[in-house]
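Chemist: After the structure tokens below, expect a handful of questions from me.
The values are calculated or read from the model by the stated rules, or taken from the named source; none is laboratory data. These figures come from a predicted structure and were not determined experimentally. FYI the Cβ positions are ideal-geometry reconstructions off the backbone, even for glycines, and counts take in every protein chain you see.
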Amino acid sequence: MSLSPKIEARKDMAVLQIRTFGHPTLTKKAQPVRDIDAFIVELARDMVETMYCAPGLGLSAPQVDVSRRLITVDLSVGKNGKDLIILLNPEIVGLEGEITAEEGCLSVPGVFEKVSRPARVEVKGLDLKGRERSYAAEDILARVFCHEIDHLNGKLFLERLSPLKRQLLKRKLRKSQESLGLNEDRFLRQS
Ligand SMILES: [Zn+2]
């Protein structure tokens, strides 16, 4: 879906706060979008703005503390309007092959690790007008779809790493958050 002139012209678009590792919404399974109402349309537009500002290739609603099944993806990060994909209730309906490549997450800043993902996926969902959309994605686009859909299922990419690596990273992340003076109990609860 392209970035319509209406989106570009909006003056009140907001850059939302991206929640990071330890935030409870990131580990919850998000609810399907049933009505494409003003809240959802505004959320989608703000998520696009937030994704471009970060900058990131993709963003999911749980990352901005909204537990709904909505993702935005743009491999050009706003440089090419036709690359923007806004998808409600996205589902992987087919997958093939495997590629291991480095991956990062806006909710886990500063951590980049190799993750195995399907080489090709077919993804279905709805656009903001409620029309069914289907994407045959490969390589990076397939990876971004898988990463964002994982978020909708309460899963961070850390969960795709080996148990040892995951524990080491989680410990490190908790430590750095504790040193920032954040509530320790909240993070322990998440483990
Ligand atoms: Zn992420």
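Chemist: Using the structure shown, decide if H151 is closer than 14 Å to L26 by Cβ and either touching a Leu at 6+ places or on another chain (Cβ under 8 Å) or more than 16 Å from the ligand (Cβ to nearest atom) (or both). Spell out how you get there, then give the answer.
Modeler: On the way: closer than 14 Å to L26 by Cβ: yes; either touching a Leu at 6+ places or on another chain (Cβ under 8 Å) or more than 16 Å from the ligand (Cβ to nearest atom) (or both): yes.
Here the answer is yes, as H151 does meet what is asked.
Chemist: Restricting to the stretch 21-37, what's the tally of residues that are part of a loop (DSSP other than H, G, I, E, B) and buried (at least 17 other Cβ atoms within 10 Å of the Cβ)?
Modeler: The number of residues fulfilling the criteria is 5.
Chemist: Here's another thing I want to ask about it. Looking at this structure, is F112 in a strand (DSSP E or B) and among the aromatic types (F, W, Y)? Reasoning before the result, please.
Modeler: Values: in a strand (DSSP E or B): yes; among the aromatic types (F, W, Y): yes.
Yes, satisfied.
Chemist: Suppose the filter is more than 14 Å from the ligand (Cβ to nearest atom), of a type outside the set (K, R) and part of a helix (DSSP H, G or I); does A137 pass it? Walk me through it before giving the result.
Modeler: Details: more than 14 Å from the ligand (Cβ to nearest atom): yes; of a type outside the set (K, R): yes; part of a helix (DSSP H, G or I): no.
Taking the combined requirement at face value, the residue does not satisfy it.
Chemist: Same structure, new question: Within the stretch 116-134, is even one residue within 13 Å of the ligand (Cβ to nearest atom) and either at pLDDT 95 or above or closer than 22 Å to T20 by Cα (or both)?
Modeler: yes
Chemist: Also, quick follow-up: Can you tell me how many residues within the stretch 38-50 are surrounded by 16 or more Cβ atoms within 10 Å (Cβ to Cβ) and in contact (Cβ under 8 Å) with a residue 40 or more places away in the chain? Step through it out loud before you land on a result.
Modeler: If we filter the stretch 38-50 for residues that are surrounded by 16 or more Cβ atoms within 10 Å (Cβ to Cβ), which is where we start, we get 40, 43-50.
The next check asks that each one be in contact (Cβ under 8 Å) with a residue 40 or more places away in the chain; those that pass are 40, 44, 48.
Looking only at that region, the number is 3.
Chemist: Determine whether the stretch 118-129 contains at least one residue that is part of a helix (DSSP H, G or I), β-branched (V, I, T) and within 11 Å of I92 (Cβ to Cβ). Break it down stepwise before answering.
Modeler: Start the filter on the stretch 118-129 by keeping residues that are part of a helix (DSSP H, G or I), which leaves none.
Checked the stretch 118-129: no residue is part of a helix (DSSP H, G or I), β-branched (V, I, T) and within 11 Å of I92 (Cβ to Cβ).
Chemist: Something else: For the stretch 56-70, what are the residues that are within 14 Å of the ligand (Cβ to nearest atom), touching a helix residue (DSSP H, G or I) at 6+ places or on another chain (Cβ under 7 Å) and among the small types (G, A, S)?
Modeler: G58, S60, A61
Chemist: Now a separate question. I'd like to verify a number: residues in the stretch 72-83 that are of a type outside the set (D, E) and closer than 15 Å to I140 by Cβ, how many? Before the answer, list the steps.
Modeler: In the first step, residues of the stretch 72-83 are kept if they are of a type outside the set (D, E); the result is 72-73, 75-82.
Restricting the remaining residues to those that are closer than 15 Å to I140 by Cβ gives 73, 75-77, 79-80.
Selection size over the stretch 72-83: 6.
Chemist: Could I ask something else about it? Name the residue, out of P109, P90, that is touching a residue at least 40 places away in the same chain (Cβ under 8 Å), touching a Gly at 6+ places or on another chain (Cβ under 8 Å) and not small (G, A, S). Write out each step before concluding.
Modeler: On the way: P109 fails: touching a Gly at 6+ places or on another chain (Cβ under 8 Å).
So the residue among P109, P90 that is touching a residue at least 40 places away in the same chain (Cβ under 8 Å), touching a Gly at 6+ places or on another chain (Cβ under 8 Å) and not small (G, A, S) is P90.
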